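J.: Shown below is the structure under consideration.
The values are calculated or read from the model by the stated rules, or taken from the named source; none is laboratory data. Owing to the predicted nature of the structure, the values given are computational and were not obtained by experimental measurement. Positions of Cβ are backbone-derived with ideal geometry, glycine not excepted, and every protein chain shown enters the neighbour counts. The area values use the complete protein model at the heavy-atom level, side chains included, leaving out ligands, DNA and RNA. Shrake-Rupley method; radii C 1.70, N 1.55, O 1.52, S 1.80 Å.
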Amino acid sequence: MIYTVTLNPALDKTIYVDGFAVDEVNRVRSLREDPGGKGINVTKVVDALGGSSRALALLGGSVGRRIQDMLAAASIDCWAFEVPGETRTNTKVVDEELHTNTDINEPGPTVTAADLSAMLDALVDIVGEGDIVVLSGSLPAGAPADTYRTWVGACRDAGARVFLDASGGAFELGLEAKPYLVKPNEVELGAMLGRDLDTDEKVVEAARELVAGGIERVVVSRGGDGAVFVDADGATVVCSPKVKVASTVGCGDSVVAALALGCDRGMDTRDVMVLAMATGSANAMQSGTQPAPLDLVESLKGDVSFA
């Protein structure tokens, strides 16, 4: 079973404006709203790929209830943990004329140690040997910097394989608990290591350092260029299909979803990477953070290549 954790979810509002201008009145051409947050995005994509997943999320206020209703309407399994305050709304302003994407992200509610402990205890009670737990996204206000380290350790002790997709200090501290798989991008990984990772060779070398430190699998995403997969058995450089991009929001989450599903199904490395790259590219073709249909993912698999 795949479980995803979203500690700082959001209602993702994508608005389309032609000729977006600062200090001017801008007319919205169209808009869409999606339940979001990185873990919730992972669960949505797992579902679209035909897998089974449960999303755990800290949700508050009317926005939190709206997210729950939207997920329920889509038959997405969500276990909501109520917190005081209002779940944030993140607004993406897309200008297809100027080819710009502007993100306006709200801070969200402040959580307490009791909020986090209750959620973690509930998660540990249901996970078992071989389950996958995906911890992803930013930490909410009030959460300790070492939250992911605590959660990775607790889920590992319960027998789960933990996937960590975060950045900054939360990611670095989470690494100390040795998650099963991590998925930084090359910029995040380079910033952590203090050097530029501008070639495949440098990315592979950096990923091998994490594997040597006790991480079983490292997937370094490289945007539209693909990804690098490294484990104790070697390194694989995979290239994504080239597609017309509608939105890059949630593409990394789509890759994580495919990695989790492939791992849950026991697929071999090459097949997992093909699925992950096809899924990421298919989702880049969608507006907002809606998951791509499975038939589109399948149609792109033949365009995935290996360097």
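J.: If I model a spin label at S117 and D77 as a point 7 Å from the Cα along the Cα→Cβ vector, what separation in nanometres do I get?
T.: Modelled inter-label distance: 2.8 nm.
J.: Would you mind pulling out the separation of the Cα centroids of the range 210-255 and the range 57-71, in Å?
T.: Their Cα centres are 30 Å away from one another.
J.: Further, regarding this structure: Under the classification rounded if a/c is under 1.5, otherwise prolate if a/b is larger than b/c and oblate if not, where does the range 87-223 fall, given a ≥ b ≥ c as square roots of the Cα gyration tensor eigenvalues? Let's see the in-between values first.
T.: Details: a/c = 2.06, a/b = 1.10, b/c = 1.87.
The shape class here is oblate.
J.: Same structure again: Mean Kyte-Doolittle of at least 1.6 and a Cα length of 30 Å or more along the axis: which whole DSSP H helices of the chain meet both? Display every interim value, and only then the final one.
T.: Details: long enough: none.
The answer is none, since no helix passes both cut-offs.
J.: For the chain, give the magnitude of the charge dipole about the Cα centre (Cβ charges: +1 Lys/Arg, -1 Asp/Glu; no others), in debye to the nearest 20. Mind dumping the intermediate values first?
T.: Details: 26 positive and 45 negative charges, 67 e Å.
Dipole size: approximately 320 debye.
J.: Would you please classify the overall shape of the range 191-282 from the alpha carbon gyration tensor, given that a ≥ b ≥ c denote the square roots of the eigenvalues, rounded means a/c under 1.5, and beyond that prolate means a/b larger than b/c while oblate covers the rest?
T.: Values: a/c = 1.92, a/b = 1.22, b/c = 1.57.
Verdict is oblate for the range 191-282.
J.: Please state the charge dipole magnitude for the range 249-307, taken about the Cα centre, from unit charges on C-beta atoms (+1 on K and R, -1 on D and E), reported in debye and rounded to the nearest 20. It would help to have the intermediate numbers written out before the result.
T.: Working: 3 positive and 7 negative charges, 14 e Å.
Approximately 60 debye in magnitude.
J.: Within the P(r) computed for the chain, what percentage of the Cα pairs occupies the region above 24 Å? Provide the component values of the computation, followed by the final result.
T.: Details: 23812 of 46971 pairs.
Percent of Cα pairs beyond 24 Å in the chain: 51.
J.: What net charge is computed for the residues neighbouring G159, neighbours being all others with C-beta under 15 Å from the C-beta of G159, Lys and Arg scored +1, Asp and Glu -1?
T.: Around G159, the surrounding residues sum to -3.
J.: On to the next question. Tell me the per residue accessible area of the chain using a 1.4 Å probe; a whole number in Å² is fine.
T.: Working: 12980 Å² over 307 residues.
With the other protein chains kept in place, the chain gives 42 Å² per residue.
J.: Right, here's the next one. In square angstrom, rounded to the nearest 10, how much accessible surface does E186 have for a 1.4 Å probe?
T.: Approximately 40 Å² for this residue.
J.: Just want the answer: with Cβ charges of +1 for Lys and Arg and -1 for Asp and Glu, which residue in A212, G19, P293 is farthest toward the dipole's positive end in the chain?
T.: Going by the Cα projections, it comes out as P293.
J.: Would you mind counting up the charge near R195? Only other residues with Cβ under 12 Å from its Cβ, with Lys and Arg at +1 and Asp and Glu at -1.
T.: Details: positive: K202; negative: E186, D196, D198, E205, E209.
Net charge around R195: -4.
J.: For the range 1-92, run through the trypsin sites (Lys or Arg not before Pro) and keep only the ones in DSSP coil with at most 11 other Cβ atoms within 10 Å of their Cβ.
T.: Numbers: sites: K13, R27, R29, R32, K38, K44, R54, R65, R66, R88, K92; in loops: R27.
The qualifying sites are R27.
J.: If you place +1 on the Cβ of every Lys and Arg, -1 on the Cβ of every Asp and Glu, and leave all else neutral, what size is the dipole of the range 8-151 about its Cα centre, to the nearest 20 Debye?
T.: Numbers: 12 positive and 22 negative charges, 25 e Å.
Computed charge dipole of the range 8-151: roughly 120 debye.
J.: Next question. Which of these, V17, V256, V94, has the largest mean-square fluctuation under a Gaussian network model of the chain (Cα springs below 10 Å)?
T.: With Cα springs under 10 Å in the chain, the top fluctuation among V17, V256, V94 is at V17.
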